[in-house]
Structures are given as structure tokens and as C-alpha cells.
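What follows is a set of notes on a single structure, which appears directly below.
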Amino acid sequence: MTTFLLRRVGGMVLTALCLTFVVFFLTNLDPNLEKLAKSEGSVRMSDADVESWLDKNGFSQPLLVRYGQWLGVVPYKHPAPDSDATVTCRAAEPGEEPPTFCGVLEGYWGYSTVFKDRVGGIIGGKIAATGVLMFWVMVVMVPMALLIGVLAGMREGSRTDRSLSTFSIATTATPEYVSGVLFIVIFASSVGGLRWFKGTATSAIDSGVTFENFTLPVLTMALYGMGYIARMTRASMAEVMTAQYIRTARLKGVRFRDVVLKHALRNALIAPFTVIMLQFPWLLTGVVIVETLFNYKGFGWLLVQAAGNNDIDLLLGCSVVAVFVVLVTQLISDIGYVYLNPRIRVR
Amino acid sequence: MSESYDGPILEIENLHISFFTQGGEIPAVMDFSCTVMPGEAMGLVGESGCGKSTVALGVMQDLGKNGRIVGGAIKFKGRDLASYSEEELRQIRGSEIAMIYQEPMASLNPAMKIGRQLMEVPMIHRGMGKQEAYERALEMVTAVKLPDPARILNSYPHQLSGGQQQRIVIAMALMAKPSLLILDEPTTALDVTVEAAIVDLVKELGETYGASMLFISHNLGLVLEVCDRLCVMYSGEAVETGSIRQVFDKMRHPYTQGLFRSIPLPGADKRARPLVSIPGNFPLPNERPPGCNFGPRCAYFETGRCDAKDVPMAEVPGDDRHGTRCFRWNEIDWAAPPAAQESVAAAEPGDVVLKVDDLQKYYEVSRSAFRGGTTRVVKANETLSFEAREAETLAIVGESGCGKSTLAKVLMGLETATGGEVKLANFDISEVEIEKRDTETVAAIQMVFQNPFDTLNPSHTIGAQIMRVLEKFKVGKTQAEREERMLQLLDLVKLPRAFAKRMPRQLSGGQKQRIGIARAFAGDAKVVVADEPVSALDVSVQAAVTQLLMEIQRERRTTMLFISHDLSIVRYLSDRVMVMYLGHVVEIGSTEQVFAPPYHPYTEALLSAVPIADTKVKKRHIVLEGDIPSAMNPPPGCPFQTRCPRKASVPGGLCEREVPPMVTLAEGHRIKCHLPAEVLEAMEPVIQIEATAAE
């Protein structure tokens, strides 16, 4: 198991390096840098001005060197062209002696041009906010999806199956911006008349999560994601229910309830488990719409801000987080798979 | 439940079962009756699709969504099962009626430990506590003779071998001491020696626990060993029923007779008992003929009588509950020998065509897909040496994992040898892959595959597929020439020329295998490797295909390597036999030499394990312990030493230390064994035919 983990972690590091490099390359394309120069300096900069601004801010160094600096394996400094001074780490604490290496590995995630703050701190706060949202979405979505999937799959073709399948297809087919708007109209506005919940989740960040401010965003996301998992679970369950060992159990005199719970469930969960794990990265980016709709300032909202304002360091920081989440959930998924399926053994 | 009940355990009266599909009602079982008395073992015999498994599921009242009992009654201990409520049914399933299945791996829950699966039964039906149920499970696992019961209870099904899994399924069925045990082809997926041990166990446990048995099998030999009575089924109907002795020695139905005549018996000489196949094919359930279902294939068919109306079951007077579904049973001369077939003189073997010398094939496997790193070596073939002459049939016999398929792959060039050489007409081909072989070599050594259902491309016509082979082998210069040749090949395998335009799905299994044979002989092959060519076919078709293969081979003076696990058929058609075990050749010699003492101890056990469908045959009973070791981790010394019943006869533990040398016993007869000459000398024949004259 340890060897397996070490190999997997090694693979993950390699993947992370490749992915971040791709993102780094794309965000540092010339047009982006020119835009950055003009937004930081002045819109009416001439080409020569842009050139000198980029020089001055260290953007004219080779791409690999800058990637190394961002990563924190190449010393971050470049001579300021107009003076003898050297430009050093901007992400360091005010008053702190700027370190030689100033990269992600040392914990310096760069400096956001939009928020005029260090990226690490900004992302940390927003990730926490989104984490809370994701947690509640998962708490609602996964048990509901599994329940629907198992109930539908245990008697394939029955009335229960057909109604639950229709329901899950309908929820998956309804995009969040449709269901979200509908929910707000029905449950949180004077149009629907039911003012049960709040149409905004802003207050959740300052004064904590309440039933009132969180129900609608959680429900919007959970419903959308649920249909997919439920369909997967149903298919897997239906297949398991036709397996010979289920017949064995039935002809052993096991009660139908126990056939489902004790014999079928664990086997039927193997496939949906991977899907559930894949939902984490999806949630991370999927929150963009819901967070915007319910004005909840989390990771999705941050991503929109970074992309909209050409905030290179912030974008890079966000992608590091996304890559990390994807890789870690896949590792968990593999380990969980081994646990669920005793036929697979890693040593 | 009523423990004091002493009437029949199971009574099936005029049972009709149908499946309802989109195409309408398809009758699967028609007018089926049988009675199983307490402690009695009833055999249900028939070819695939005859409805025997449907009867079993009917007894279990588990016919699925589409199946329904449309007539008749199944009475369990005098009470009609149809009157049971769902809850009552649940209570007798597993406790009163238990079932043992064909595929042990598939019938055990892969994600549940063996212990829990076993303990569940008494916990549900006897209300036992965990501890008590565990004790009971431990006791049952010991009763089915599995080593280290506690460890087994704590393992998952995939950690056991096929034979061990089947023992677990048996233990599970017996956990609640049922009064009726249904065994649905319990040994079909297992090797012969493992099968023999399982059959032994079933018989023994049946006696110990006093359970009645419904034993479903297509193998008449097995039924003879296990059952007291049997019922032969054909196309949904019981055609003959009676006690074992009556049906085996005094059969009164043409199908039963045909079935017996189409199985080769290892005890009998092929000239005394030629194989006679049943002509034609098994009718599909929706294409049954009017009147007698067997009519179109029956030699005694009488137009206007046999196809006029449904045939009722007729009682054979004077016998104990012996019935036959035939109008003419009284008129047929049952003692008449089968129509004489022209006996083909054995072809005189010519020069050596194929010579294999010290062939080795090792595979390197990494232990886990996740880490690679350390590799282990599977020794699939170890110092194989033999030669095969022109027009000779050399049978290669052994159980799964003995390396016979690897040998075939090396010969065909699908794998290259690790060491040694394979000489085809004095040219070493052991290192030449199939892609690098020239057309002539490829055409010269061809194969007939085990499963005819998967080896034909479903989207091309039969004719096109044979033509393609001819094209590849550069036979014929023009398309027209090849077409003519293709039609000749169809003649050769005795299929109508019209078949050239058909698609594979329109052919039956036997016909598909004939196409496979035609393909193999398309390029005038010098050597044909036939890998279990008939084992996937039904019994009545097997004989015809075997016959055809032999005929073509004799005519063309081809060398045939006949790979099989079925000693009966091997005895019937081969000139020489090579027995393999765990990658080694343990015995080689002419058919007479191998089938008569002195034997290699493995051959001896193998012969004893073959079920023989003849009441006059007496066998010495040898049951091997344990399973075939893994080729990844073979035992030191003699490969067979872990299971050898004669190991004690070799002094000084020699078997555990040294691989025995090849000992020549007679001209051309060699065995790989340490046994001293006097022990070999004293061996008695395993199979003996009782001297009693036929009735």
C-alpha cells in the first residue's frame, strides 16, 4: 500500500507540474501581458512603453525562468532597467525581508492586481467559503442520489424505477441557472408568494450558515448533480441485481430488503463511487453560476473576477487549487475503490 | 416444518412452464412429471436448451419476470408450491430446498467474506446467533473437506480456486440441512479430477445428511455415479424416465439410445462400439415439429403416426416406474446393433512431420498492475519433447493450467518459445512469429478452435470467410478458381453448397465448427492443431464432428494434434497420447499403452476420474486431493508430487527433491516418474468391463 501511495503521489506531482505549466504558458501569452501592462500602467501606452513596462516588471525573461520563479525553484529577482536596484518578492509580508525564492512552493502565491493583496490569503478565504457550500451540497446530494439510484435499480422497469428515473433525468436536464432562478422566483420573491428562504447567500459569509440563506443555493446545485449520480447508481444496481450471486442470496431465503442492503449495495456502489469523487472538481468550477446567482463570494466568484480582470497570479493560484483538488479526489477514489472491491489488491 | 413427513419429497405433475416474450409464448417445459422420494437422487439429463434448468428454477419458484408455470403442479412434501405465499417460499428456500449452481465463482458474492455468506443461512432460517452460526459454518467447511476452515471463512471468494469455491457453495446449501438439494450442472466448470472429488463429496454428504437430490447434468456418466433414478429430457419434454439400471441397460426411447451411442466409452474398443451420431439438429423452442419432438431426427420415425399428435408417456410394464414417450417402443428391436458403418482402416503413419525438442515457454508477469517492478515467471511449458508423424493423431491430454494451450500457441507462432526447438519438416519455427512466417508455413500448420461461436466473423458470409483464407494462402489464381475450391471445401465438411451464402448466425454450433474445420484444411495443412474442437458442442453433435475430423485427416494424411481433457474421445480417435501436467509431459505412448497399466500415477487418476456412462464398467476409485498448483509457483521436484497418491512408494522423499527422468517402459512408451519398476509392474487396470453378457 505504501509503495502504491508513493507511486501515485509521484505521478500526481508530475501531472501537477505539467498542468500548471500549461496554465502558466496560456496566461502568459503576449496579448495577455500587453493587456496587463496597459491596465497596470496606462491605457494609452505605446508599444515601446509596454515593452519597457514588461522589462521593468520582469516579464521579458524567458518563459521557463519565469515559471521557475513562480514555482519557487529559481531565485526571484530581476534588475530594474531604469535603476540599479533589484525587484524582489512582492508577495512577502510588508516589512519582511524579501526571500530569495518567491514561489508557490515557498508559500508565496503571487500578488493579485485586482485585489491589491497577496493571492494566498485571498484564495484561502474564498476556498473556505466554497468548502462550506460544497460540504452542504454533498451532504444533500450524495445520500439522495444513492437512495434514488438504489430504489430505482433494485426493481428494474418497475413503476418506482420509471418515476425516479424520469425525476433524475429531469433534474440533470435542468441547468442551474434555470432551476436557481425558478427557486428564487418561487421561494424567495413576492411573485411566488412563498417567502420561505432568502434569495441571496451573502449573509452566510458574515453571519454564518442558516437554513434560510443556504437552502436555495445548496438545493440548486444538489439537484443538478444528483441526477447524474442517481443514474449511474441505478445502472450499476440494476446490473448487480441480475447477477448470479443475487439469485443465490434470494434462493438462500434472504429477505428482499437484505438482498439489497447486504448483498447488492456494496457491489453496486463501486461504479458510482468514482463518479461521486469526480463531482468534487466539478463542484469547484460548477459553483461559478450558483455563487454569482446567489451573490455568495466564494471560489467561483473569485475565478470570475480573476479571469475577467486578467489577474495572472490569481488565475494561476486558482488553477493550482483546482489541479490539487482533482488529483487528491482521484487518489481517494482509487483507494476507496480498493476498499469497496476486494478483488483489487494493491500491495 | 413437518419433520416426520415420509411421503415423496418432490412430486411434479404434468408441469408446463412457458416464457412470455415479445414474440409471444415460448413453451420451455411441457408435460413434465417426476417424483423424488426421501433420500433418493434423481438425475435430469439432456442437451442444452432441453429445459432441465427451467424445471429446477420452477421448483425454486424463481422463473423471473417472463417465466410462468402455465399448467400442472409442483408439490413439495405433499403441498403445492403454488399455494405458498412469498414469505413462506422465502422460508423454505435455503432451509428446505437448497440449490448448487453451475458457476461457483459467479454464485458467490464477490464483496462478502465466505464466513458471512455461510453464517447468513442458519441466522435467517434457524434464528441462530452469530457465534453459533460461526461454529456451524466452521463445521460445514470441515465437512466439505476444505483445509484450514477458519482461514477460509475469513477470505473472499476470489481468493479460492474453482474447486474450493464449489465446495463452499455445497457447504452453503447444506448449512440448514435441507430435505431437497438441487444441483444444476455442479461440476461443468471444473476439471475432471476436481469434478471427481466434488461428485464424491456430494454423494457422501447426500448420504450423511439424508437429503434428496435433483441432479441436473448433460453428462450421463456423472448421473450414473450419483443418481438412483433419472429422467432424460429432450426439447422441453421428459422422453424417458426410470431407474438408472433400467434406462442404461434397457432403454426404451430412440433419443436415449441415440445419446448413448454418440458418447465414446473409454472402456470399449472403437470397432466394437462405433460412434453413431444423431442426425439433424436440436429444434428451437418455437420451431418444434408436430407430434413427437424427436421425430425428424429419429430412425424409427413413421409418417402419419409419430407426427400426428402429441405423444403421451407410456408405462413400460414389469419395470419400476419406467416410462417412455414413444408410440413405437413396443415395436422397436432394442437389441439390434447400430447400423454397420464402414470401418476405416487406420492409416499407416508416415515420416516425422513435426518434431518438438526440449521446448520451453516461460511468461514473465508483473505481480500487480499498480507497481510493476518485481516480475514473476510462469513456467507454462517445461522441456517438452515429442514427435508427430504424417497421418497420425497425437492427443494432448491434461487439465486446465497444464500448458496444452500454450503449446498450441507456440506451434501456431502466436508466441515464441523461450528455449528448445519446434521443427516442421526440418525447419525450426519455434522462434518465428506468425507475422514473419511465410504463407506456406502458415498454411501448413493450422488450428481448429474450441469455441466455434466466437471464431467466425458475424458480419461476413461463410463463403467469403473461406475465400479470404484461400486468398491469404495463395490458393487458386483467379476468383473463380477459389470459389470452386471453396465449394469443394464445403463438400468436404459435408455442408450443402448453399451455405456459402449464409451468415454465421444462421448456422448451428456443429455447422459452425464444420466451417472452422474447412478453414483449417483450406491450405492443405500438414499439421492441424485441434484445441478441444467438440467440447463446446452438444453430445449428439460431438460424434458427427469428431467423425468428420477423423475422416478428413485420414484421407489427407494430415498430422493432427488433438488437444482435449476428455479421455473418452481421446481413446476413440487418437493413435498416440501425450499426458501433460503443469507444463511437463508426464506420459507419452500409443493409445493402448497409455490406457493400460503401467500408468503414470496422474494418468491413473485421470482415467479413474472420467465418468463413464456404462453400467458394465467397473472402475478403480482414485480421488486426488487438493488442486493443481499454480504454474507461477510450481512445487519442487516432481510436479505431481503434491497430489500423487503413490508418493509413499518412492523411498527417501526423492519425489520432493528431483524432477523424475523420462523412463522408457516399452517401445515408444515413456513416463516421467520415480516409481520403481516393481510398483509399475503391479498396477491393475483402472477400467474393467464386467464379463457379464449383454442382457
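Derivation of every value follows stated rules applied to the coordinates shown; laboratory data play no part. Everything numeric in this text was worked out from a predicted model, so none of it was measured. Glycine also receives a Cβ, built like all others from the backbone with ideal geometry; neighbour counts cover every protein chain displayed.
Enter the Cα centre distance for the pair segment A:256-279 and segment B:630-653, rounded to the nearest angstrom. The distance from the Cα centre of segment A:256-279 to that of segment B:630-653 comes to 45 Å. Counting Cβ atoms of other protein chains within 10 Å of each residue's Cβ and taking the mean over peptide B:97-109 gives 4.
Between helix A:2-27 and chain A there is an angle of about 50 degrees, using the helix long axis and the longest principal axis of the Cα atoms.
Note on B:229-242: average number of Cβ atoms from other chains within 10 Å of each residue's Cβ is 0.
Starting with the highest mean, order A:12-19, A:318-325, B:163-170, B:278-285 by the number of other Cβ atoms within 10 Å, averaged over the residues of each peptide.
Numbers: A:12-19: 13.5, A:318-325: 19.2, B:163-170: 24.6, B:278-285: 16.9.
So the order, starting with the most tightly packed, is B:163-170, A:318-325, B:278-285, A:12-19.
This model, with +1 at the C-beta of Lys and Arg and -1 at the C-beta of Asp and Glu, gives chain B a dipole about its Cα centre of some 1300 debye. As a calculated quantity, the FRET efficiency between B:Asp249 and B:Ala648 at R0 = 30 Å, using C-beta atoms, amounts to about 0.15. Here segment B:136-207 and segment B:467-503 have alpha carbon centers that stand 50 Å from each other.
First check a/c for chain B, with a ≥ b ≥ c the square roots of the eigenvalues of its C-alpha gyration tensor; if it is under 1.5, answer rounded, and if not, answer prolate when a/b is larger than b/c or oblate otherwise.
Working: a/c = 1.63, a/b = 1.21, b/c = 1.35.
The shape class here is oblate.
Which parts of segment B:503-520 would a label at B:Ser459 reach, counting a residue when its backbone N lies under 18 Å from a point 7 Å out along Cα-to-Cβ? Only B:503-506 pass the distance filter.
With angles folded into 0 to 90 degrees, how steeply does helix A:30-40 sit against the dominant principal axis of chain A? Use alpha carbons for both and round to 10. In chain A, helix A:30-40 runs at an angle near 70 degrees to the longest axis.
Its relative contact order, with pairs defined as Cα atoms under 8 Å and 6+ residues apart, puts chain B at 12 percent. Applied to segment A:125-139, the Karplus parametrisation 6.51 cos²θ - 1.76 cosθ + 1.60 on θ = phi - 60° returns per-residue 3J(HN,Hα) values of x, 6, 4, 4, 4, 5, x, 4, 4, 4, 4, 5, 4, 4, 4 Hz, with x for Gly and Pro. Could you pull out which residues in segment A:245-282 have an amide N less than 18 Å from a spot 7 Å beyond the Cα of B:Lys130, following the Cα-Cβ vector? Counting only backbone N, you get A:262-263. Counting only lysines at least 8 places from B:Lys672 when in the same chain, those with an alpha carbon closer than 18 Å to its own are B:Lys379, B:Lys404, B:Lys647.
Cα centroids of segment B:556-604 and segment B:527-555: how far apart, whole angstrom? With segment B:556-604 and segment B:527-555 each reduced to a Cα centre, they are spaced 16 Å.
In this calculation the C-beta distance from B:Arg305 to B:Leu487 is compared with R0 = 41 Å, giving a FRET efficiency of 0.55.
What does the average come to when, for each residue of peptide A:249-260, you count the partner chain Cβ atoms lying within 10 Å of its Cβ? Don't skip to the end; give the middle numbers.
Numbers: counts 7, 5, 15, 16, 15, 7, 3, 2, 0, 2, 0, 0.
Mean shielding count: 6.
For the peptides B:516-525, A:330-339, B:251-260, the ranking by mean Cβ contacts within 10 Å, running from highest to lowest, is B:251-260, B:516-525, A:330-339. Length gained on full extension, B:Glu555 to B:Lys618: 19.1 nm, using 0.36 nm per residue less the C-alpha separation. If the segment from A:Ile332 to A:Thr200 were pulled out straight at 0.36 nm per residue, it would be longer than the present Cα-Cα gap by 44.2 nm.
List the residue ranges in chain B for DSSP H helices whose C-alpha atoms run 20 angstrom or more along the long axis and whose Kyte-Doolittle average is 0.0 or above.
Details: long enough: B:192-209 (25 Å, 0.64); B:539-556 (26 Å, 0.12).
Those that pass (Cα extent of 20 Å or more, hydropathy at least 0.0) are B:192-209, B:539-556.
Averaged over residues, the count of other Cβ atoms within 10 Å places the peptides B:228-240, A:37-49, A:226-238, B:58-70 in the sequence B:228-240, A:226-238, B:58-70, A:37-49, highest first.
Taking a straight Cα-Cα cut-off under 28 Å and skipping sequence neighbours fewer than 8 places away in the same chain, the lysines within cross-link reach of B:Lys494 are B:Lys270, B:Lys472, B:Lys474, B:Lys477, B:Lys512, B:Lys526. Near B:Gly583, the amide H atoms lying under 5 Å from its own belong to B:Gly403; only residues 5 or more places off or on other chains count, and H is placed 1.01 Å from N. With both labels modelled 7 Å from their Cα along Cα-to-Cβ, the B:Ser508 to B:Tyr362 distance reads 4.9 nm.
Ordering B:Gly94, B:Leu407, B:His600 by Cα displacement along the dipole of chain B toward the positive end leaves B:Leu407 in first place; charges were set at the Cβ atoms of Lys, Arg (+1) and Asp, Glu (-1). Candidate cross-link partners of B:Lys75 among the lysines, defined by an alpha-carbon separation under 17 Å and a same-chain spacing of 8 or more, are absent. Placing a label point 7 Å from the Cα of B:Asp148 along the Cα-to-Cβ line, the residues of segment B:102-118 whose backbone N sits under 16 Å from it are B:114-115.
Spatially close Lys pairs in chain A, defined by Cα atoms under 21 Å apart and a spacing of eight or more places or different chains, total 12.
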